[in-house]
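Asks: Here it is, the structure in full.
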Amino acid sequence: MNIAFIGVGRVGSALASHLKDAGYHVILAARDTRSASIVALQERHPSIQAMDPAEAVADADVVFLAVPYPAHAEVLNACGQALNGKILVDCTNPVGAGLSHGLESRISGAETVQAEAPGARVVKAFTVYGFENFVDPAYPGYGDLRPAMPIAGDDGEAKRVVSELCGEIGWQAVDTGPLSNSLHLEHMTLLWIKMARVQRRGANFVYGLLER
């Protein structure tokens, strides 16, 4: 499976590195293929290639969108029709002033991503937590319980693929339903930020799913 990353900041770099270690062919989509973040990732994984966004996406089965939310429309437009039919994993979060929802909770950011890329199969995933937990998702001492990764989307097969990717890099995927439920996941992200950063609990906590 070929996986392309649009955005290789702290979240994208961490996920790309783990998926590369899991044996996937990872491609970086970037206009500046010699940016500092790309060079740093290639130093750890020399076989990872960086190329023009449309070209990278065309070769991919799954595309991760891991840019700051305000940049999503521009980068998706740069990919054009190459996104049609692709699984598009939305890792973005619309954050507004005062750690409010950036779209005033009228609609989820994931739904606006779907509107910008109508031919893609969007799955909201790899949000909810800060980047530290994507760098290291391990929480030993809880037996077989893994950190929960809530996901949402309208395409069942796309969610199945994303769930498998979650499992391969240390997460338990939790299907929360349709893409519109991404609004609740984005609020979970805001809650995590407030607990971790504002209340100074620190980044070393995640949510778990306990079932009876």
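Asks: I need every pair where a residue in region 12-39 that is in contact (Cβ under 8 Å) with a residue 60 or more places away in the chain and under 19 Å from ASP52 (Cβ atoms) has its Cβ under 9 Å from the Cβ of a residue that is in a helix (DSSP H, G or I) and polar (S, T, N, Q), sequence separation at least 6 or different chains.
Replies: Matching pairs, first to second residue: GLY12/SER37.
Asks: Is one or more of the residues making up region 50-63 under 24 Å from SER163 (Cβ atoms) and surrounded by fewer than 19 Cβ atoms within 10 Å (Cβ to Cβ)?
Replies: yes
Asks: Moving on. For region 23-47, enumerate the residues that are surrounded by 15 or more Cβ atoms within 10 Å (Cβ to Cβ) and under 19 Å from ASP61 (Cα atoms).
Replies: Matches in region 23-47: TYR24, HIS25, VAL26, ILE27, LEU28, ALA29, ALA30.
Asks: Do you know which of the residues in region 78-115 that are of a type in the set (D, E, K, R) and surrounded by fewer than 17 Cβ atoms within 10 Å (Cβ to Cβ) is farthest from PRO178 (Cα to Cα)?
Replies: Top of the filtered list is GLU104.
Values in this text are rule-based calculations from the coordinates and carry no lab data. Note that this is a predicted model, so its numbers are computed, not measured. Methodologically, a virtual Cβ is constructed for each residue, glycine included, from the backbone with ideal geometry; neighbour enumeration extends over all protein chains shown.
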